[in-house]
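Asker: Dropping the structure in here first, questions after.
The values are calculated or read from the model by the stated rules, or taken from the named source; none is laboratory data. All values derive from a computational prediction rather than experimental measurement. As a convention, Cβ positions derive from the backbone with ideal geometry for all residues, glycine included, and neighbour counts pool all protein chains shown. For accessibility, only protein heavy atoms count, side chains too; no ligands or nucleic acids. Shrake-Rupley method; radii C 1.70, N 1.55, O 1.52, S 1.80 Å.
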Amino acid sequence: MKKLLALLLAAVLIFSFAACGGKDDPEKTKADNDEKIDAQDVIDKELEKAEEFESFSVEAVEHYLKKAVDIKLSDIEPDWEWKLKNNYSAYADDPASGTGHAVITFTKAEGEITDDEFNAWHKKVFDATAKVSQDGHNIRGYEFAGDGEDALGEVTLEKALKGWLMKGWAFRKNDKIYVVYISDEYDKDKNSELGKLFYYTGAKVDIAVGLQKSMSDTMDEAEKYISENEDEIKDALNDYLN
């Protein structure tokens with residue numbers, strides 16, 4: 001478990017400085033920009049926070065949503081009676097994390113979820129993120145924008161739900177882009193009694209710090225960061241794992 005956490009923290013180190021860096025500070029000096037981080041120090045601090053913060057809980061999800069994006073759980077929970085299917089149905093990072101997220105699956109207490117119930121829930125989540133957005137509306141997001149499409153342009157719920165593998169949208173809060181992934185969960189061991197392809201039992205939402213730039217620009221920055229800090233990252237991980 002600790003080895004997995006350490007590897008994940010390496011990814012955090014990379015993408016917190018490359019993928020989700022936000023806007024450049026024009027007042028930073030060249031020396032500040034060229035200064036390399038202390039990778040071991042960052043990893044140690046993240047490990048301490050992970051141990052102190054009970055991530056797998058509804059309370060963690062509520063805490064993250066409120067602190068990071070000013071959304072209450074009641075703003076995004078479905079109208080049907082719901083439960084957590086297991087201990088991993090709710091998870092959130094410390095809101096101070098630069099690449100954090102909150103994810104929760106609302107499993108219906110009894111029976112299947114109808115199309116009307118799904119539609120109402122989709123709209124509820126969409127409206128909740130638009131309400132807290134600094135733009136007053138949701139945007140397409142770099143994760144979902146196609147070639148030639150404006151990732152920062154306003155998006156409709158209908159378009160946000162058209163994705164096949166991934167459905168969702170983004171919004172901006174305090175000049176940071178957050179991404180919203182939603183999915184309809186089903187029970188593979190049951191046959192639908194409503195004439196649907198699957199027996200749908202839950203609705204999952206994941207609100208996270210999103211890409212702040214295009215995937216191409218993000219990968220270029222990530223590669224540059226790895227190259228500049230490769231030895232330091234390796235040494236920090238080796239010291240921890242050993």
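Asker: What helices (runs of 4 or more DSSP H), lying completely within segment 34-80, carry at least 2 residues that are more than 19 Å from Lys108 (Cα to Cα), at pLDDT below 95 and open to solvent by 80 Å² or more (accessible area, probe 1.4 Å)?
Answerer: Where helices (runs of 4 or more DSSP H) fall fully within segment 34-80 and carry at least 2 residues being more than 19 Å from Lys108 (Cα to Cα), at pLDDT below 95 and open to solvent by 80 Å² or more (accessible area, probe 1.4 Å), they are 39-52.
Asker: Here are some conditions: (1) part of a loop (DSSP other than H, G, I, E, B); (2) out of contact with any Leu (no Cβ under 9 Å at 6 or more places or on another chain); (3) free of Cβ contacts under 8 Å to residues at least 40 places away in the same chain. Asp135 meets all but one. Which one does it not meet?
Answerer: For Asp135, the failing item is (2).
Asker: So, in segment 90-116, how many residues would count as being more than 18 Å from the chain's Cα centre (by Cα) and crowded, with 17+ Cβ neighbours inside 10 Å?
Answerer: Final tally of qualifying residues: 4.
Asker: Moving to a separate point now. If we keep just the residues of segment 173-208 that are hydroxyl-bearing (Ser, Thr, Tyr) and either under 16 Å from the mean Cα position of the chain (by Cα) or under 24 Å from Asp70 (Cα atoms) (or both), which is most open to solvent (accessible area, probe 1.4 Å)?
Answerer: Here the answer is Tyr181.
Asker: Still on this model: What tally of residues in segment 160-204 results from selecting those that are touching a helix residue (DSSP H, G or I) at 6+ places or on another chain (Cβ under 7 Å), under 18 Å from Arg140 (Cβ atoms) and in contact (Cβ under 8 Å) with a residue 40 or more places away in the chain?
Answerer: Matching residues across segment 160-204 total 6.
Asker: Could you say whether any residue in segment 161-172 is at negative phi, assigned to a strand (DSSP E or B) and among the aromatic types (Phe, Trp, Tyr)?
Answerer: Yes, because at least one residue in segment 161-172 is at negative phi, assigned to a strand (DSSP E or B) and among the aromatic types (Phe, Trp, Tyr).
Asker: Under 8 Å between Cβ atoms, at least 6 apart or on separate chains: pull out the pairs that start in segment 90-105 with a residue that is closer than 16 Å to Lys176 by Cβ and part of a strand (DSSP E or B) and end on any residue that is open to solvent by 40 Å² or more (accessible area, probe 1.4 Å) and not small (Gly, Ala, Ser).
Answerer: Ala102/Tyr91
Asker: Tell me the residue from Arg172, Arg140 that is more than 27 Å from Tyr200 (Cβ to Cβ) and touching a strand residue (DSSP E or B) at 6+ places or on another chain (Cβ under 8 Å), please.
Answerer: After ruling out the rest, the residue left standing is Arg172.
Asker: On the basis of being at pLDDT 95 or above, assigned to a strand (DSSP E or B) and more than 16 Å from Leu211 (Cα to Cα), does Tyr178 make the cut?
Answerer: Spelling it out, it is not the case that Tyr178 is at pLDDT 95 or above, assigned to a strand (DSSP E or B) and more than 16 Å from Leu211 (Cα to Cα).
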